[in-house]
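All remarks here apply to the structure that follows.
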Amino acid sequence: MAVIAPLRPLHFAAEQLATLVAPPYDVISPEERAALAARDPHNVVKLILPEGEGDAKYAHAAELVAAWRKEGALTRDDRPQFLRYDQRFTLPDGRAGAGRGTTTTIHRRGFLGLVKVVPLADPAAAPHERVLPHERTLSGPKEDRLKLFRATRTNLSPGFLLYKDPGQKLASALERAEPVARFTTPDGIDHELTRIVDPAAVAALIAGVAGSALLIADGHHRYETALRYRDEARAAATAAGAALPGDAEPNYFMAFFANEDDPGLVVLPTHRHLHDLAVDKARFESTAAEHFTVTSLGQAAGASALVQTLADSGSRTPSFVVAYPDGSATLLALKTKIADLAAHPTLGPLNPQLRGADVALLHSGLLEQIIGLTKEAQAAKTNLWYPQDAAASLGKLRSGAGPSESGTALFLMNATPAAVVRNVAEAGEVMPQKSTFFYPKVLTGLAMHTLEPDRLVG
């Protein structure tokens, strides 16, 4: 079974959380880091993106954790607990699935807790015992996070895992919570944190998640880092002539758990902006026509119209809109049956679940085979930017703006549904990077999980 456990968290003062939290480390720009650090002397960004050159920055983060604990800025609540986390939001302008200006408030609910780390997609494990990745990871970020784990002996940032509960059986347990904090961040998202300490509710959540394979929505690098750290803790215990207890803190990773079947679970598209690689429009479209219906959308169509056209087509078949610097745009809608793609020399080897995922068709078929963007170049992001805002990206393409001022095509994408992500993951496959954008991000700083080998969880 998937083994989850309640937290005994380190935490900031609840009444000050609004100025102490930050987005995940990997979406914070240097300018945003400076603004967050200026917001409060104890803002968590100083821990997750510490100052200093080379490895000195990790030692600096460890010094800050120790100092903040000593002065009481960080304290421990030793009661076993899950932290229910509610976010209420509207879709950001320019990223809504049907265009701009969406104002409907969406409510996403989940809870913070611990998951016992296991090898990813372990083929020897029963289906419901697995933790499933869905995207490829890179070595650089994992090495960076591992050094931070080692130095601070603290899991500072949660991952984001999805469980299956189509009947909403855990809803009543999640209601049994006591208030902790409520605040609004500058992006207009309302955050509410409540504490679940009732033993029956805690037990219900543990049992309810146990029957579901957990899918990593966000935080692949952090999860793999936690697995490596656990292995190091086990090796250290063995070298000392002991064994790491099964419920020792290093065996667990802090995560936000959300129901994959919750209507408040939002996945936004991440588009592909191709640059510094020439695209012969006529050749590209004529080659794509073997498997796609190619429809011209005219000159200077706006982002809202293009996104709406894409959404309509995507409801029937995998589809893309390709926009060019000259103002023209083209809709590509798959006309070949997905099963028949098995005969394609490149797409044939793909798992059938991958052949049904828009992002895999784009990367393995169009970008690699027609345009010539290799898998290595895709992994290195040599010729791709990954924007979320369709309107802003279209404007940059048509104006020639951007880091290199040489954008050659913009591929507008529909979002990858969570169900498709799970199907791919359960088939033992992974999609290209930036295949999903679960919105909004889970804040860092709501709670922290220490990694002390002599402390037990639960």
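The values are calculated or read from the model by the stated rules, or taken from the named source; none is laboratory data. It should be emphasised that the depicted structure is a prediction, and the values quoted were computed from it without experimental measurement. Virtual Cβ from ideal backbone geometry, glycine too; neighbours counted across all protein chains shown.
Of the residues Ala37, Ala22, Ala61, which is within 23 Å of the chain's Cα centre (by Cα), small (Gly, Ala, Ser) and surrounded by 15 or more Cβ atoms within 10 Å (Cβ to Cβ)? Lay out the reasoning, then the answer.
Details: Ala37 fails: within 23 Å of the chain's Cα centre (by Cα); Ala61 fails: within 23 Å of the chain's Cα centre (by Cα).
So the residue among Ala37, Ala22, Ala61 that is within 23 Å of the chain's Cα centre (by Cα), small (Gly, Ala, Ser) and surrounded by 15 or more Cβ atoms within 10 Å (Cβ to Cβ) is Ala22.
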Inset, instruction - Report the residue count in the stretch 111-169 for those that are polar (S, T, N, Q), at pLDDT 75 or above and not in a helix (DSSP H, G or I). - result: 4
Legend entry - Selection count where residues are closer than 20 Å to Ser29 by Cα, out of contact with any helix residue (DSSP H, G or I) (no Cβ under 8 Å at 6 or more places or on another chain) and at pLDDT 95 or above, scope the stretch 40-59: 2
Inset, instruction - Exactly one condition in (1) within 25 Å of the chain's Cα centre (by Cα); (2) touching a residue at least 40 places away in the same chain (Cβ under 8 Å); (3) surrounded by fewer than 18 Cβ atoms within 10 Å (Cβ to Cβ) is not met by Ser29; state its number. - result: (2)
Inset, instruction - Could you tell me whether the stretch 321-338 includes any residue that is in contact with a helix residue (DSSP H, G or I) (Cβ under 7 Å, 6 or more places away or on another chain), without any contact (Cβ under 8 Å) to a residue 24 or more places away in the chain and of a type in the set (A, V, I, L, M, F, W, C)? - result: yes
Inset, instruction - Considering (1) closer than 24 Å to Arg398 by Cβ; (2) out of contact with any Asp or Glu (no Cβ under 8 Å at 6 or more places or on another chain); (3) at pLDDT 95 or above, say which one Val294 fails and leave the rest. - result: (2)
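Among the candidates Ala56, Ala62, which residue alone is in the same structural domain as Leu443 (by TED's automatic domain parsing), farther than 28 Å from Val3 by Cα and free of Cβ contacts under 8 Å to residues at least 12 places away in the same chain?
Selected residue: Ala56, the only one of Ala56, Ala62 that is in the same structural domain as Leu443 (by TED's automatic domain parsing), farther than 28 Å from Val3 by Cα and free of Cβ contacts under 8 Å to residues at least 12 places away in the same chain.
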Inset, instruction - Give Gln388, Gln433 a once-over and let me know the one that is assigned to a loop (DSSP other than H, G, I, E, B) and modelled with pLDDT of 85 or more. - result: Gln388
Legend entry - Pick from the stretch 294-310, criterion assigned to a loop (DSSP other than H, G, I, E, B) and of a type in the set (A, V, I, L, M), ranking: surrounded by the fewest Cβ atoms within 10 Å (Cβ to Cβ): Ala300
Inset, instruction - Test Ser313 against the stated conditions and say whether it is modelled with pLDDT of 95 or more and either more than 17 Å from Met431 (Cα to Cα) or buried (at least 16 other Cβ atoms within 10 Å of the Cβ) (or both). - result: yes
Legend entry - Only listed residue being assigned by TED's automatic domain parsing to the domain that holds Leu306 and assigned to a loop (DSSP other than H, G, I, E, B), chosen from Thr382, Thr408: Thr382
Inset, instruction - Return a yes/no flag: does the stretch 341-360 have any residue that is part of a loop (DSSP other than H, G, I, E, B) and β-branched (Val, Ile, Thr). - result: yes
Legend entry - Residue satisfying condition, being over 27 Å from Leu91 (Cβ atoms), more than 18 Å from the chain's Cα centre (by Cα) and surrounded by fewer than 19 Cβ atoms within 10 Å (Cβ to Cβ), within set Leu451, Leu456: Leu456
Legend entry - Filter result for Ala207 (surrounded by fewer than 21 Cβ atoms within 10 Å (Cβ to Cβ), under 18 Å from Leu114 (Cα atoms) and at pLDDT 95 or above): yes
Inset, instruction - Tell me, please, whether a residue that is part of a strand (DSSP E or B), assigned by TED's automatic domain parsing to the domain that holds Lys164 and within 15 Å of the chain's Cα centre (by Cα) can be found in the stretch 240-248. - result: no
